[in-house]
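Here, each number is a calculation from the coordinates, and none is a lab measurement. Since the model is a prediction, treat every value here as computed from it, not as a measurement. So basically every Cβ, Gly included, is an ideal-geometry build from the backbone, and we count neighbours across all protein chains shown.
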Amino acid sequence: MPRMNLEGASAIVTGGASGIGEAAAQQLAAAGARVVIADLNEEKGQAVASELGGLFVKCDVSSIEDAQASVVAASEMGPLRALVNSAGIGWASRTIDRNNVPMELDKFELVVRVNLIGSFNMLSQSAAAMAQTDPVDDDGSRGAIVNMASAAAFDGQIGQCAYSASKGGVVGMTLPIARDLSAVGVRVNTIAPGLIDTPIYGEGEQSEAFKAHLGQSVLFPKRLGSSEELAFMVMECITNPYMNGETIRVDGGIRMPPK
């Protein structure tokens, strides 16, 4: 069975304006897909979309209307075959602070809303469109979805309760959704990145020194991973016809300490 052919198909990448999402969008475009960059950052999103010959859609992943607009935009360029759920936010806060004041519930709720509910929203809307396309092979394959979790889903550090809960939810829904969508030939996998060199760490000498220090805690190689390396695994999950229902850590073997 050959790899899934993306030539002439469309794909959606949430958070595609930077980092892992941008790298995934580049590799999808190189494989022949027309890519919708679904992001809140208009300036960067437009730039990436035009560079790749795709479309930009301003998208709050937790909005049903924005998710539907992304799916419509993709479907106009070709049958929707791939979704990469890469949009996400973090919020560092302990459950109670040093003065025993509880974490603000609305902050916890926002992280879960974007990372977990937003992923499900984009996924369900995209799956509905994929289900209406013609199968691409004798197996009845219609598409593939890749969610982005985190090593924090398993080794959440101090202050990561909201982020870990949201990413743990993504891991937890992967298999049941893969089972749900097996009826229409759509595969679902999740990637759990470790320490990845993205714009979140800033730029400059201090930033580089901090990243080098972080890299020493990685088993091997002793450095942060690159967005491109994560995108390699995204493409494997999309194009390998037998990858389904799995969560894969891409982390250089790191196991995160409490802090």
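When the helix-only estimate is applied to the chain (DSSP H runs of n ≥ 4, each -39,500 (n - 2.57), divided by the residue count), what is the mean residue ellipticity at 222 nm, nearest 500 deg cm²/dmol?
-13000 deg cm²/dmol
Restricting the count to DSSP beta bridges whose residues both fall in the chain, what percent are antiparallel, rounded to a multiple of 5? Let's see the in-between values first.
On the way: 1 of 31 bridges.
Beta bridges within the chain, antiparallel portion: roughly 5 percent.
Kindly give Rg over Rh for the stretch 1-132, based on alpha-carbon atoms, with the Kirkwood expression for the hydrodynamic radius.
1.08
To the nearest 0.05, what FRET efficiency results for HIS213 and ILE248 with a Förster distance of 22 Å applied to their C-beta separation?
Here the calculated transfer efficiency is 0.25.
Taking the dipole about the Cα centre of the stretch 84-209, with the C-beta of Lys and Arg at +1 and of Asp and Glu at -1, give me whichever of ILE89, THR190, ASN121 is farthest to the positive side.
ASN121
Could you give the angle, 0 to 90 degrees to the nearest 10, between helix 227-239's Cα long axis and the longest principal axis of the Cα atoms of the chain?
40
Rounded to the nearest 5, what is the percent of antiparallel bridges among the DSSP beta bridges in the stretch 8-151?
If we restrict to bridges inside the stretch 8-151, about 5 percent are antiparallel.
Could you calculate the FRET efficiency of ARG94 with ASP180 from 1/(1 + (r/R0)^6), where r is the beta carbon distance between them and R0 is 51 Å, rounded to 0.05? If you can, show how the numbers build up before the last one.
Details: r = 36 Å, r/R0 = 0.70.
According to the calculation, E is roughly 0.90.
Evaluate 2.2 N^0.38 Å with N set to the residue count of the stretch 6-71, then give the Cα radius of gyration divided by it.
Dividing the Cα Rg of the stretch 6-71 by 2.2 N^0.38 Å gives 0.98.
Please give me, ordered by residue number, the trypsin sites (Lys or Arg not before Pro) of the stretch 46-110 that lie in loop per DSSP and have at most 14 other Cβ atoms within 10 Å.
Within the stretch 46-110, the qualifying trypsin sites (Lys or Arg not before Pro) (loop, at most 14 other Cβ atoms within 10 Å) are ARG94, ARG98.
So if we plug the beta-carbon distance of GLU7 and VAL101 into 1/(1 + (r/R0)^6) with R0 = 41 Å, what FRET efficiency do we get, rounded to 0.05?
My answer for the efficiency is 0.15.
Assuming a ≥ b ≥ c are the square roots of the Cα gyration tensor eigenvalues, decide whether the stretch 10-250 counts as rounded (a/c under 1.5), prolate (otherwise, with a/b larger than b/c) or oblate. Write out the running numbers ahead of the final one.
Working: a/c = 1.60, a/b = 1.45, b/c = 1.10.
Verdict is prolate for the stretch 10-250.
Just to confirm the number: angle between the C-alpha axis of helix 161-181 and the first principal axis of the chain, 0 to 90 degrees, nearest 10?
20
In what order do TYR201, TYR163, TYR242 fall by count of nearby beta-carbon atoms within 10 Å, going from fewest to most?
TYR242, TYR201, TYR163
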